[in-house]
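Step one of this worksheet: look at the structure below.
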Amino acid sequence: MTSADRARAWSGGGPGMGGKPTNEGPDFGLLVTVAQTSTEADADELRRRLSANGIRSTIAPGTDGRTRILVFRENAARARRLVGGGARDASAD
């Protein structure tokens, strides 16, 4: 078994492997999406705004070419207000 096989087995696999169905969207664990931007530069600007307000964030590429801004679930509502809404992640409720 390769390390990739072990990772898939540990994570529950992937589409077609008994893992999470693709129609549920990406799973970022403890992080939720609070906004999506068309450029990484725009995402970095939003991250600076969040950081200036004491909210840690990170970015992740979306499958649609957009860049997602992710925060911890407990900061999601405040982060969305600070970035002006953005994408809503139902799992953050």
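The values are calculated or read from the model by the stated rules, or taken from the named source; none is laboratory data. Keep in mind the model is a prediction, meaning the values are calculated, not measured. Cβ coordinates were reconstructed from backbone atoms using ideal geometry, including for glycine residues, and neighbour counts include every protein chain displayed. For the accessible areas, the whole protein counts, side chains as well, though only heavy atoms, and no ligand, DNA or RNA atoms are used. Shrake-Rupley method; radii C 1.70, N 1.55, O 1.52, S 1.80 Å.
Estimated at the nearest 10 Å², the accessible area of R49 is 90 Å² with a 1.4 Å probe.
The figure for R47 is an accessible area of roughly 80 square angstrom, using a 1.4 Å probe on the protein chains alone.
Ranked by the mean number of other Cβ atoms within 10 Å of their residues, highest first, the peptides 26-34, 54-62 come out as 26-34, 54-62.
Once you divide the Cα radius of gyration of segment 22-65 by 2.2 N^0.38 Å, the number left is 1.23. Please give, to one decimal in nm, the separation of the simple spin-label points placed at D44 and R66, each 7 Å out from Cα toward the Cβ. According to this spin-label approximation, the distance is 2.1 nm.
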